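Following: one structure in structure tokens, then a few remarks.
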Amino acid sequence: MTELKSILENITFKDDAKVQKQLVDQILKVKHRLAQIRHKIFVMSGKGGVGKSTVTVQLALALARKTFKVGILDADLNGPSIPHMLGLKDRGWGLGASTLGSSGAPTGTRNSTRLSEAPIVPELREGAVEGAGGSRTQIDPVIGPLGIKVASMAFLIKETAPVRWKGPMDLTPVWLGMMESSTLREFLGDVAWGDLDFLLLDLPPGAAADKPPALYQYMPEMDGALLVTTGSQVAQSVVERSKQYALDLGIRVLGVIQNLSNLFGSAAENEEILGRIPYDPQLATSLDTGTPLPKHHPVSRLFENIAGKLLKLLP
Amino acid sequence: MGFQKVEETGGIGLGITFHCPQCQATFSMVTNPGETQMVQALGVTLGGRETQPAAFELTQSMLKTGVRGEGLGVSKNPQAQDEKSVKDTLKESMGKCPFANTVADMTAKADAVQQKSGGQEILWTDGALRRLENVPLPVRSFAKQMIETMAREQGKPKVDEILMDEAKTRFM
Ligand SMILES: Nc1ncnc2c1ncn2[C@@H]1O[C@H](COP(=O)(O)OP(=O)(O)OP(=O)(O)O)[C@@H](O)[C@H]1O
Ligand SMILES: [Mg+2]
């Protein structure tokens, strides 16, 4: 036994594959990027379709109108809706063409053959693009109304295409989780966010509950979360659960925004509630057509008020 | 303890056997495509890299979905190059190294299969998918790949229950 122990102690760990260094580099890249962003706020809910993306967009507009520099990270990888709501649905990053292999199940050798023999698209040839080794290490966010900087999966994929990954992701949730976590890391680290006062992160609905921790691990210094709920009892109990969940993770709950307040009846008066947003047909049209509501619209005013309260909560 | 042999396992991995002439003990090590995939999913290159990774390198290379391609063009696929050189290196060392020979064999076989099936994605019938669900989760993706390899070998675009039966007799 002691023998084994001494053997183990004498084994020195060598990072021959230089994997550790790369992982550290990845994290440093994110840290460096996030250091330029003053406030990072999650917009989340336990339930789908309650208005997270709506709140994210309206709050971003309100903050931008207060002359803050605002970015939105659409962290809903499978159902990105921010670009549509901001009239950016036809925009794309056009990174794609290098992803040539269309078939699944990449296995070590077979995949390598396919890749090495894939025809090289002319515009992707080495040296054709700026940057070391013919590749860019960062990409500019798409600029939306009022200068809001947006990054979304929708800029990478064709509009109606569902997001599917190569490999055994469809069969093993662990892979899927790892891929999505890595993708979120790239959204944080590879987008040239620049100096921002606010980065709002629109999270996917509750079922994809592993996203908050995946994001949180990259930004433990984030300010906190806004929880969106509708007035219905179910949605509220769900939000109660997400609140507990956020708190368990160490995420501060900044406040609750009650959406569709006129449809479900208002929740009891509560200092946590930063605002109540009624159903508004003009808001619906605005989101649908991607044209922001004017500054003086009642809904814009409600969000101006929410933004004001939020500012008081932040350091 | 000395190296004894290297062989192909299931068409997607290598089994490497070591043997001790004194105590007659035999050890086998099997490479694991799952781990390769894990390394891929972390966005790292084994052996380190000289240049910084391109923006969205991982997301781009792992997305199966149709990707928008408007020619803003960020990068060539960095992996493509690495692996080409691996292949060249393999060719050069053929004949000398048992690993190189086995891997070259597997590569050639995979190439042939690839050509036969035109690199098509293999589809699954509902029945076959249901049968696949009976395979224990930890090895399911592995099984899926092996069966798809079989389908490609036979030039079949689709995995059906008949092929599942064949696979069962072949692998079990
Ligand atoms: N207060 C409102 N008035 C009018 N329409 C609204 C309002 N809130 C949300 N909507 C509409 O309801 C739909 C769902 O809202 P939204 O996409 O913001 O929800 P979500 O919580 O982000 O959904 P998901 O969970 O799918 O991401 C949208 O089409 C939006 O236009
Ligand atoms: Mg949404």
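Per-structure values
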| item | result |
| --- | --- |
| Against the rule of thumb 2.2 N^0.38 Å, how large the Cα Rg of region B:3-51 comes out | 1.56 |
| FRET efficiency, 1/(1 + (r/R0)^6) with R0 60 Å, evaluated for B:Asp126 and A:Thr67 via beta carbons | 0.60 |
| Calculated P(r) tail over 13 Å for region B:117-171, as whole % of Cα pairs | 55 percent |
| Dipole magnitude of region B:117-171, debye to nearest 20 (Cβ charges: Lys/Arg +1, Asp/Glu -1, about Cα centre) | 120 debye |
| Listed residues B:Gly155, B:Trp124, B:Asn134: farthest to the positive end of the dipole of region B:117-171 (Cβ charges) | B:Asn134 |
| A:Leu199 long-range amide H proximity, modeled H, under 5 Å | A:His39, A:Lys40, A:Ile41, A:Gly71 |
| Cα-projected label distance for B:Gln24 with A:Asp140, points at 7 Å along beta-carbon direction, nm | 7.4 nm |
| Linear extension gain, B:Asn134 paired with B:Phe99, 0.36 nm per residue minus alpha-carbon span | 9.2 nm |
| B:Thr17-A:Lys31 FRET efficiency (beta carbon distance; Förster radius 56 Å; 0.05 resolution) | 0.80 |
| Listed pairs A:Lys243/A:Lys295; B:Lys109/B:Lys168; A:Lys158/A:Lys312; A:Lys166/A:Lys243; A:Lys243/A:Lys312; A:Lys18/B:Lys144 exceeding 29 Å between Cα atoms | A:Lys243/A:Lys295; A:Lys158/A:Lys312; A:Lys166/A:Lys243; A:Lys18/B:Lys144 |
| Chains A and B together, accessible area buried on both sides, 1.4 angstrom probe, square angstrom | 6200 Å² |
| Heavy-atom accessible surface of region B:117-171: percent carbon and sulfur, 1.4 Å | 55 percent |
| Relative contact order of region B:117-171, pairs being alpha-carbon contacts under 8 Å that are 6 or more residues apart, as % | 50 percent |
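The values are calculated or read from the model by the stated rules, or taken from the named source; none is laboratory data. Just so it is clear, the model here is predicted, and its values are computed rather than measured. Here Cβ is always computed from backbone atoms with ideal geometry, including for glycine, and neighbour counts include all displayed protein chains. Heavy atoms of the whole protein, side chains included, go into the accessibility calculation; ligands, DNA and RNA do not. Shrake-Rupley method; radii C 1.70, N 1.55, O 1.52, S 1.80 Å.
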